[in-house]
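> Quick one: this structure, given as C-alpha cells, is what I'll be asking you about.
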Amino acid sequence: MTTTSTVPRPPRTPARAASAFLSAHPRTRLILLLSAPLFWLGVVYVVALALLLVTAFWSVDSFTGEVTTEFTLDNIIEVVTGSLYQTVTLRTVGVALAVTLIDVAFALPIAFFMAKVATPRMQRVLLILVLTPLWASYLVKAYAWRSVLSQDGILEWLVAPFGGQTIGYGLPATIITLSYLWLPYVILPIYAGLERVPDSLLEASGDLGGKSWPTLRLVVFPLVLPAIIAGTIFAFALSLGDYITVNIVGGANQMLGNLVYTNVGAANNLPLASAIALIPIAIIFGYLFLVRRTGALDNL
Amino acid sequence: MKRMTRTVRRGVTVGLAITTVALLTACGTSGGGTGPTEAASELGETEGQLSVLAWPGYAEDGSNDPAVDWVTPFEDATGCEVTVKTFGTSDEAVNLFKTGDYDVVSASGDASLRLVAAGDVQPVNLDLVPNYANVYDFLKDKAWNTVDGQNYGVPHGYGANLLMYSTDVFSEAPSSWGVVFDESDAYTGKVTAYDSPIYIADAAMYLMATQPDLGIENPYALDEEQLAAAVDLLKTQRANIGEYWSDYLKEIQAFTTGDTVVGTTWQVIQNVAAAEGAPTDVTVPEEGVTGWSDTWMISSSTENPNCSYAWLDYIASPEVNGQATEYFGEAPSSDEACEFRSDCEAYHAGDAAYAENIWYWTTPIEKCIDGRTDVTCTDYSAWTEAWQEIKG
C-alpha cells in the first residue's frame, strides 16, 4: 500500500488558485507587493508636496477667498522681496541655530557619558531617561514651560530671593523650550555614533601617549562628526518648522510657521502660505546639500 | 537581479502615471459651485441630522457642562441629530464653512459678508422663521446680514470688545483706550490685544477720537492714509505687547498670573477669570467700543435645509436665545429672551442707543461703507497684510 495515493487532492479554492498563480508569476507577485508602498510614497507623499509647490503659483480672490488657478509669480516675489518675510526668516533661522547649538552642547557630554563611561546597566537607565520626555505630549511640555516662565511661575519663585526675575515670554523662552523639546533627538544619534567608536582606538591613542583632550579632538570627534551633524539636522529642521511653541511661550513674536498658519487659518491665502513654506524647504535642502558629503545622512 | 530592477522601473512608471492622474484631477477641483440664490419658499420634513459650526458656547450640548444643554431638547423636538464644531476666530469659521461640511454657522459681521460674497450661504426666507418677529429692530436688515434687500440669516446676540485691566495695577478703571495705545509704555510687555486683522478697527476707533484731522468716520472704512495711521499706532503698541490673544483660555491665564495687565477682552472672559479669582475688571472707555453682532446663516450646499430652518427658529426662540447668550455673556436678540435670564441690564439689552454706539465688526471692502465715493477703501486682504506687518 502506498501512502501517496491516500493524500487527498486539495480542493480548488480561489485562495489556492491565486496562490498558485502568484507562485508561477514572480513579476506579478513583486508588483502587488510593491504597489502599496509605492502608492503611498508616490501619491500621499510626493504628490502632496508637489501640489504644495504648485499652489504657490496660484492666487486668491481677496474678498471671497476662492483660489484662482492662474499661474502667477506674485507670491514667490513677495516672499523673496518682502521685508516681513526676510525679518521673520532671519529670526527663525536664528532661533533654529541657537537651539541646535544649545542641544549639541548638552548632548555631547551626555551621549559621551552614556556610550563610553556608564556601565551597561547605567547605560540602559540613562537611555530610558532620555526617552522618557518623548512619551509626554508636545503640547503638555510646551504649556508646562509657559507655567514655569510666567510671572508667578517656578522660575520666578526660584530666582526672586536672589533679586532675579523670570525671563518672561519671548524669543529666549522659545529657544529654551525648543531646546528642551528636541534634545532627545540630538542625544540619540550622537550616542549611536559614539557607540560605534571602538574602545580599542581610545586605548591605542592612550598607549601612544595621547592625553584625553587630544584623543577626543583627534580620534573621537572626526569619527562622530557625521552623527553630530545628523543630530543637528533634527534640531534645526524641527525648529525651522515649529509654530506651536512660539505661539505658546514666544510672546508677540512670530516664526515662519506662524506666517504659514495665519495665511492658511486667518487670511485663507493658501497660495501665499505655500510660497512661505518653500523658505524652510529651501533652507533645509541647502543644509542637506552642504552636509551630504560628511556621511551624516547615513546616520539619520 | 536584472529582472528585479526592470520590475522596479516598471513600478516607478506606474507610480508616475498615478501621480500625473492625481495631479490633473486635483487641479480641476478648485473653485466651488454657487448654491441657490433664491430663499426657500416652504418647508418639509426634517432630514434627521444637522451639522452646526458655532462660536464656543453658542451651541452647548452638555459635553462641557451637563447642566448647560440646549442642543438635546432640539434633537428631541425635531429629530435632527446635531453635531457641533466650534471655531476660535471669524477667519477660521470662514475657512471651515468653505468645506461644505456644515449646514449652519454663527457668523460675526467680519465673516458674514465674505460668506455671502463667496456664495457659501443662502438667502433665508424669514417668514419660515416665526421667532424672527421678536428680534430687536435695530439688529434687523443690517449691512452684515442683509445684502441687496435679501436677508441671509437670523441675529443671535451682540456684545462689545471691552477693556480689561488688572485691579492690582489700576486702582480705578482706565477711562481711555490710550492705556493700550499712547500710554502703553507704562505697561511694557504686559499689554495684550486681539490677534486678528479686525483689531485694526480698534486702533482706527481710537484715532477717530484723538486725531480728528484724519477724518475717520467709520473704523471699517479706512482709505490708504487712514490705514497707515492705524498701522503706525499699532506698530508703536507692538513694542509693548506681551502677547496677542485669540485663544480666550490663554488670555485668562495671562491675566491670572500677571503676565498681562491690560488689553481687550470679552465679557465672558471676565466672567470666567473673575470666577477663578483673577484680579480683573472690565470697562467701556470714552472712545467707545468695537463689538460683534452675530447671525445664524445656512450653507448654500446644505442637504438638510429643513433641519437648518428648524435650528434658526429654535435658537431665536426666547428661552433658548436667553440661555445661549447668557452663557456666552452678551446681549440677546430679543426682549422676550430677557425674561429667561436675569442679567440683561448688564449688557444693555434692547438699549438701541447703546447698541448703536458699538462699532460692530464688518468686513472692510473697497467700497467705503461710510458713504465716501471719492476714494477707495482698503479691503480685508489689505488689513490682513497690514496685520502681519504689524506683528513683524
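> Give the number of residues within region A:126-178 that are assigned to a helix (DSSP H, G or I) and surrounded by 12 or more Cβ atoms within 10 Å (Cβ to Cβ).
31
> For A:Leu194, all conditions in the list (1) farther than 19 Å from A:Leu101 by Cα; (2) open to solvent by less than 40 Å² (accessible area, probe 1.4 Å) hold save one; what is the number of the exception?
Tallying (1) farther than 19 Å from A:Leu101 by Cα; (2) open to solvent by less than 40 Å² (accessible area, probe 1.4 Å), A:Leu194 fails exactly one: (1).
> Filter region A:55-83 for residues that are assigned to a helix (DSSP H, G or I) and in contact (Cβ under 8 Å) with a residue 24 or more places away in the chain; which is most open to solvent (accessible area, probe 1.4 Å)?
Among those residues, the one meeting the criterion is A:Glu78.
> Further question on the same structure: Do you know which residues across region B:265-279 are touching an Asp or Glu at 6+ places or on another chain (Cβ under 8 Å) and within 14 Å of chain A (Cβ to nearest Cβ)?
B:Pro279
> Six or more apart or on different chains, Cβ under 6 Å: which pairs go from a residue in region B:87-105 that's within 13 Å of chain A (Cβ to nearest Cβ) and part of a helix (DSSP H, G or I) to one that's modelled with pLDDT under 90 and open to solvent by 30 Å² or more (accessible area, probe 1.4 Å)? Could you list them?
B:Asn95/A:Asn268
> Given A:Asn268, A:Asn263, which one is polar (S, T, N, Q), within 14 Å of chain B (Cβ to nearest Cβ), buried (at least 18 other Cβ atoms within 10 Å of the Cβ) and touching a Gly at 6+ places or on another chain (Cβ under 6 Å)?
Just a single option satisfies the conditions, and that option is A:Asn268.
> Mind listing just one residue for me: the one in region B:368-380 that is under 15 Å from B:Asp110 (Cα atoms) and surrounded by fewer than 20 Cβ atoms within 10 Å (Cβ to Cβ) and, of those, nearest to the chain's Cα centre (by Cα)?
Checked region B:368-380; the qualifying residue nearest to the chain's Cα centre (by Cα) is B:Asp379.
> What number of residues in region B:362-392 are assigned to a loop (DSSP other than H, G, I, E, B) and facing another protein chain (nearest Cβ under 9 Å)?
Within region B:362-392, residues that are assigned to a loop (DSSP other than H, G, I, E, B) and facing another protein chain (nearest Cβ under 9 Å) number 5.
> Moving on. Looking at (1) among the hydrophobic types (A, V, I, L, M, F, W, C); (2) at pLDDT 85 or above; (3) under 25 Å from B:Glu287 (Cβ atoms), can you tell me which one B:Ala324 breaks?
Single failed check for B:Ala324: (3).
> Looking for whichever is at pLDDT below 90, assigned by the TED database to the domain that holds B:Gln323 and exposed (fewer than 15 other Cβ atoms within 10 Å of the Cβ) here; the options are B:Ser41, B:Ser63, B:Ser30, B:Ser90. Which one fits?
Exactly one residue qualifies, and that residue is B:Ser63.
> For region B:245-283, give me the residue count where each residue is surrounded by fewer than 22 Cβ atoms within 10 Å (Cβ to Cβ) and either modelled with pLDDT under 90 or touching a strand residue (DSSP E or B) at 6+ places or on another chain (Cβ under 6 Å) (or both).
17
> Of all residues being touching a residue at least 60 places away in the same chain (Cβ under 8 Å) and surrounded by 15 or more Cβ atoms within 10 Å (Cβ to Cβ) in region B:339-361, which is nearest to the other protein chains (Cβ to nearest Cβ)? Just the residue, please.
B:Trp361
> Pick out the one residue from A:Val104, A:Val95 that is in contact with a Gly (Cβ under 7 Å, 6 or more places away or on another chain), away from chain B (no Cβ under 14 Å) and open to solvent by less than 70 Å² (accessible area, probe 1.4 Å).
A:Val104
> Which of the residues belonging to region B:134-177 are part of a loop (DSSP other than H, G, I, E, B) and over 21 Å from B:Ile358 (Cα atoms)?
B:Asp148, B:Gly149, B:Tyr152, B:Thr167, B:Asp168, B:Val169, B:Phe170, B:Ser171, B:Glu172
> Condition check: over 19 Å from B:Lys140 (Cβ atoms) and outside the structural domain of B:Thr89 (by the TED database). Does B:Glu286 satisfy that?
So B:Glu286 passes the test.
> Checking B:Glu326 against (1) under 23 Å from B:Val129 (Cα atoms); (2) outside any helix (DSSP H, G or I), which test does it fail?
All conditions pass for B:Glu326, except number (2).
> I'd like the full set of residues that are hydrophobic (A, V, I, L, M, F, W, C), assigned to a loop (DSSP other than H, G, I, E, B) and open to solvent by 10 Å² or more (accessible area, probe 1.4 Å), limited to region B:194-234.
B:Ile216
> Name the residue, out of B:Glu319, B:Glu336, B:Glu286, that is modelled with pLDDT of 90 or more, open to solvent by 30 Å² or more (accessible area, probe 1.4 Å) and touching a Pro at 6+ places or on another chain (Cβ under 6 Å).
Residue meeting the stated conditions: B:Glu336.
> Any residue in region A:202-219 that is within 28 Å of A:Trp145 (Cβ to Cβ), assigned to a helix (DSSP H, G or I), assigned by TED's automatic domain parsing to the domain that holds A:Val104 and open to solvent by 20 Å² or more (accessible area, probe 1.4 Å)?
no
> Restricting attention to region A:75-123, which residues are basic (Lys, Arg) and not assigned by TED's automatic domain parsing to the domain that holds A:Ala192?
Passing the criteria: none in range.
The values are calculated or read from the model by the stated rules, or taken from the named source; none is laboratory data. Given the structure is predicted, the values throughout are model-derived calculations rather than measurements. As a convention, Cβ positions derive from the backbone with ideal geometry for all residues, glycine included, and neighbour counts pool all protein chains shown. What goes into the accessible areas is simple: the full protein's heavy atoms, side chains included, and nothing from ligands, DNA or RNA. Shrake-Rupley method; radii C 1.70, N 1.55, O 1.52, S 1.80 Å.
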